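Participant: Here's a structure for you.
The values are calculated or read from the model by the stated rules, or taken from the named source; none is laboratory data. Values in this document were obtained by computation on a predicted structure and should not be read as measured data. Here Cβ is always computed from backbone atoms with ideal geometry, including for glycine, and neighbour counts include all displayed protein chains. Heavy atoms of the whole protein, side chains included, go into the accessibility calculation; ligands, DNA and RNA do not. Shrake-Rupley method; radii C 1.70, N 1.55, O 1.52, S 1.80 Å.
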Amino acid sequence: MTFDLPASTGDILKSDDHLVQSFADLNALKQEGARTAIVSARGTMVTDSDGNQLIDGIGGLWCVNVGHGRREIIDAIRTQLETLDFYSTFYTFTHPAAAALARKLSALAPGNLNKVYFGNSGSVANDSAVRILQHYNRRLGRPEKRMVLSRNGAYHGSTFLAIAMTTPEYSKGWDKAENIVHHLKKPHYWREGDGMSEAEFLDALMEDMRAAIERIGAENIACFIAEPIMGAGGVIVPPPGYHRRAEDICRAYDIKFVADEVVTAFGRLGHFFASQDVFGTTPDIITTAKGLTSGYQPLSATIMSDEIHEVISGPDGVFLHGMTYSGHPAASAAALANIALMESEKIPERVRTTGKLFEKTLKGLEDIEIVGEVRGSHFMAGIEFVSDKETRALFPEAMNIGMKVARRAQRKGLVARPLGHILILSPTLILSEAEIARIGAILRESILEVMAEVRG
C-alpha cells in the first residue's frame, strides 16, 4: 500500500487550504496564501518546496536539538513500532520504553524528582503540573490552596489552563480558565528597570511576589510557575539570583516551585536540565517537552518530587488524570535514543562553547541603529528592534518590523521567528562555527536592509 504526498508548491498549498495553522493570521492566509512549505531536512538545514536550502534558525520550534534526519532516532522509532506499536499506560499497564525513559529522566533530573508523568505537549505538561498540585492539596485537606502565581511575559502553553498562566497578550479575544492565576511583574530589567540598578530591580520583583502572596494568602496558592528564561514572551533573562530568591520565598510560604523547562531543557543552555546546573534551584516539579525527543515524536514529561507522589499515591484515591498516548512506545523510544545520542556526542558540553559563541555573535548586532537589545543565553536568543535607541520606543505595530527582517533573512537562507518587534533564534544545537558566522552575517545584512527601507 502506498500513499502520495503533494509534490509541487502549488499542490502543497492547495492541500494546505484545509489545514488550520497555529498562531497564524488566518484571515491573511485566506487572502494571501503566504505560506512556506518545508519538504525535507538534514542536519542544520531544511529545504522548502522551491528547492531553497535554509539554515533552521528556530530548530523546528525550539525543539530539533540534535538536528534533522538522525538515523539513531529514526531507527529507534521504527524498531519500537515493529516490536510494540502501541499500548496505553492506563490502570495497571506499562511497557519497557516508557518505564526505561521514566527511570532515565529521574536520573537526569535534580534533587528527588523521581516520578514522571508523560503527556503529549508542553501545554499538557504544565496543565498536569497544576492539576496534580491541586489534587495534592485536596488530599492534604486544603482544597482552597489551588491558585497559581505566574508572570507577565510568560508562555506556558495554549490549552484552557496553560493559556491562563501565559502572559495575557496571548489570550486577547479568547476565553481561558478564570480566577486561578495571578501574574507577577515581568523580570525584564532592560524594559522594566525604570532607573533602578539591576540589584534594586531584583529586590522590587521579590517584593512584588511577597506582596501578591500576602494579598492573595499563601493558604490559597498552590504553586509558582516560571520558565528559567522566558521563551515566546520575548526571550527574557531574569536578573541574576532571581530564581534562587523566588524559590526561597516559595519555601517560606509553603508554595510549590514549578520550573517550566519545555524550552530550556535538553541542552539548549548547555545542560540536560537548567534549573539546578544553571540557576541553582531544585524545583518541586519540572515540566519538559520539545527537546525531550528533539521533535521527532510528540512527548512531554511532568517530573515531580517523591514527596508530591507520596501524597497523591496514598490510600483511598485514584489518579483521575490521563491521556491515551501518555508514554507512547514510539515517542518513548525516540526520547531514549535522543538522550543517548546527546550523551555519546556530548552535545550539552559542546553547547557551553558554541552556544556562547552564538550569543556573542548575535550580541555584536547591537551596534545597528534599530537593534535595541540582544538577549538570551547560548542557543536561545531574542533581538528587539526599536525606532529610537535612546528612548527605546518601538516601531508602529502595523509595520511588523520583526516579520520584515524574518522575510529578508529567509530570502538569504535563514529561518528566524518573528514575534512583533522581536526576532527569535532557537537553532539546532549542532551548529558549526562557520554556520554561526553565516547566521550573524545574514542577520546583519537583513536588518540593515530593513532599516534602510523603514528610514526611507
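Participant: Would you pick out the residues in segment 393-413 that are touching a helix residue (DSSP H, G or I) at 6+ places or on another chain (Cβ under 7 Å) and open to solvent by 10 Å² or more (accessible area, probe 1.4 Å)?
Facilitator: Selection gives Phe395, Met399, Lys404, Arg408, Lys412, Gly413.
Participant: Being farther than 19 Å from Gly157 by Cβ, touching a strand residue (DSSP E or B) at 6+ places or on another chain (Cβ under 8 Å) and among the hydroxyl-bearing types (Ser, Thr, Tyr) is the filter here; which residues of segment 226-280 pass it?
Facilitator: Of everything in segment 226-280, just one residue is farther than 19 Å from Gly157 by Cβ, touching a strand residue (DSSP E or B) at 6+ places or on another chain (Cβ under 8 Å) and among the hydroxyl-bearing types (Ser, Thr, Tyr), namely Tyr253.
Participant: Same structure again: Considering only segment 259-272, I want to know if a residue exists there that is among the aliphatic types (A, V, I, L, M), open to solvent by less than 20 Å² (accessible area, probe 1.4 Å) and within 20 Å of Glu307 (Cα to Cα).
Facilitator: yes
Participant: Across segment 75-110, what is the total count of residues that are surrounded by fewer than 12 Cβ atoms within 10 Å (Cβ to Cβ) and touching a Phe, Trp or Tyr at 6+ places or on another chain (Cβ under 7 Å)?
Facilitator: 1
Participant: Something else now. What about Arg142, is it touching a residue at least 60 places away in the same chain (Cβ under 8 Å), open to solvent by 10 Å² or more (accessible area, probe 1.4 Å) and either in a loop (DSSP other than H, G, I, E, B) or of a type in the set (A, V, I, L, M, F, W, C) (or both)?
Facilitator: yes
Participant: Which members of segment 256-293 meet the condition of being of a type in the set (Gly, Ala, Ser) and in contact with a Gly (Cβ under 8 Å, 6 or more places away or on another chain)?
Facilitator: Selection gives Ala265, Gly267, Gly270, Ala289, Gly291.
Participant: Confirm whether Asp25 is open to solvent by less than 60 Å² (accessible area, probe 1.4 Å), of a type in the set (Asp, Glu) and more than 19 Å from Gly295 (Cα to Cα).
Facilitator: Numbers: open to solvent by less than 60 Å² (accessible area, probe 1.4 Å): no; of a type in the set (Asp, Glu): yes; more than 19 Å from Gly295 (Cα to Cα): yes.
Here the answer is no, as Asp25 does not meet what is asked.
Participant: Let me ask something else. Of the conditions (1) within 29 Å of Pro228 (Cβ to Cβ); (2) open to solvent by 20 Å² or more (accessible area, probe 1.4 Å); (3) in contact with a strand residue (DSSP E or B) (Cβ under 8 Å, 6 or more places away or on another chain), Asp367 fails just one. Which one is it?
Facilitator: (3)
Participant: I'm trying to understand the selection: among the residues of segment 246-280, which are without any contact (Cβ under 8 Å) to a residue 40 or more places away in the chain, in a loop (DSSP other than H, G, I, E, B) and closer than 29 Å to Arg350 by Cβ?
Facilitator: Glu261, Ala265, Gly280
Participant: On to the next question. Quick check on my filter: what residues within segment 171-187 are among the basic types (Lys, Arg), more than 21 Å from Pro240 (Cα to Cα) and open to solvent by 50 Å² or more (accessible area, probe 1.4 Å)?
Facilitator: Lys172
Participant: With the structure loaded, tell me whether Pro298 is assigned to a loop (DSSP other than H, G, I, E, B) and either without any contact (Cβ under 8 Å) to a residue 40 or more places away in the chain or buried (at least 24 other Cβ atoms within 10 Å of the Cβ) (or both) or whether it fails that test.
Facilitator: Numbers: assigned to a loop (DSSP other than H, G, I, E, B): yes; either without any contact (Cβ under 8 Å) to a residue 40 or more places away in the chain or buried (at least 24 other Cβ atoms within 10 Å of the Cβ) (or both): no.
When the stated conditions are applied, Pro298 does not pass them.
Participant: Sticking with this structure for a sec: Find all pairs meeting these conditions: Cβ atoms under 7 angstrom apart; at least six residues apart or on different chains; first residue within segment 220-242 and open to solvent by 10 Å² or more (accessible area, probe 1.4 Å); second residue polar (S, T, N, Q) and not in a loop (DSSP other than H, G, I, E, B).
Facilitator: Hits for this filter: Val237/Ser377.
Participant: While we're here: Got at least one residue in segment 324-332 being surrounded by fewer than 22 Cβ atoms within 10 Å (Cβ to Cβ), within 23 Å of the chain's Cα centre (by Cα) and either of a type in the set (Val, Ile, Thr) or within 20 Å of Gly234 (Cβ to Cβ) (or both)?
Facilitator: Checked segment 324-332: no residue is surrounded by fewer than 22 Cβ atoms within 10 Å (Cβ to Cβ), within 23 Å of the chain's Cα centre (by Cα) and either of a type in the set (Val, Ile, Thr) or within 20 Å of Gly234 (Cβ to Cβ) (or both).
Participant: Also, I was wondering about something else. Just to verify a result, which residue in segment 148-170, among those that are among the hydrophobic types (A, V, I, L, M, F, W, C) and under 23 Å from Ala211 (Cα atoms), is surrounded by the most Cβ atoms within 10 Å (Cβ to Cβ)?
Facilitator: Met165
Participant: Residue under question is Glu343, and the condition is that it be farther than 30 Å from Ala434 by Cβ, in a helix (DSSP H, G or I) and either open to solvent by 10 Å² or more (accessible area, probe 1.4 Å) or not acidic (Asp, Glu) (or both); does it hold?
Facilitator: Considered against the rule, which asks whether it is farther than 30 Å from Ala434 by Cβ, in a helix (DSSP H, G or I) and either open to solvent by 10 Å² or more (accessible area, probe 1.4 Å) or not acidic (Asp, Glu) (or both), Glu343 comes out as no.
Participant: Does Thr428 meet the test of being modelled with pLDDT of 95 or more, crowded, with 18+ Cβ neighbours inside 10 Å and either over 25 Å from the mean Cα position of the chain (by Cα) or under 29 Å from Leu299 (Cα atoms) (or both)? If you could, list the steps in order and put the result at the bottom.
Facilitator: Values: modelled with pLDDT of 95 or more: yes; crowded, with 18+ Cβ neighbours inside 10 Å: yes; either over 25 Å from the mean Cα position of the chain (by Cα) or under 29 Å from Leu299 (Cα atoms) (or both): yes.
So Thr428 fits the description; yes.
Participant: Can you name the residue in segment 39-71 that is charged (D, E, K, R) and open to solvent by 30 Å² or more (accessible area, probe 1.4 Å) and, of all such residues, is farthest from Leu414 (Cα to Cα)? Outline the logic, then answer.
Facilitator: The first filter runs over segment 39-71 and keeps only residues charged (D, E, K, R), leaving 42, 48, 50, 56, 70-71.
If we keep only those that are open to solvent by 30 Å² or more (accessible area, probe 1.4 Å) as well, we get 42, 50, 70-71.
Working: Arg42: 14, Asp50: 15, Arg70: 21, Arg71: 24 Å.
Filtering first and then ranking leaves Arg71.
Participant: Criterion first (modelled with pLDDT of 95 or more and open to solvent by 20 Å² or more (accessible area, probe 1.4 Å)) does Arg438 satisfy it?
Facilitator: So Arg438 passes the test.
Participant: Specify the residue that is farthest from the chain's Cα centre (by Cα); the eligible residues are those in segment 355-379 that are in a helix (DSSP H, G or I) and free of Cβ contacts under 8 Å to residues at least 60 places away in the same chain. Spell out how you get there, then give the answer.
Facilitator: First, the residues of segment 355-379 that are in a helix (DSSP H, G or I): 355-367.
This time we only want the ones that are free of Cβ contacts under 8 Å to residues at least 60 places away in the same chain, so: 356, 359-360, 363, 366-367.
On the way: Lys356: 19, Glu359: 18, Lys360: 22, Lys363: 21, Glu366: 25, Asp367: 28 Å.
Across segment 355-379, the extreme among qualifying residues is Asp367.
Participant: A further question on this structure: Lys104 fails exactly one of the following numbered conditions: (1) assigned to a helix (DSSP H, G or I); (2) under 30 Å from Pro418 (Cα atoms). What is the number of that condition?
Facilitator: Lys104 satisfies every listed condition except (2).
Participant: Can you tell which of Gly372, Gly382, Gly420 is modelled with pLDDT under 95, open to solvent by less than 60 Å² (accessible area, probe 1.4 Å) and closer than 22 Å to Ile236 by Cβ? Please lay out each step first, then the result.
Facilitator: Values: Gly372 fails: modelled with pLDDT under 95; Gly382 fails: modelled with pLDDT under 95.
On inspection, the qualifying residue turns out to be Gly420.
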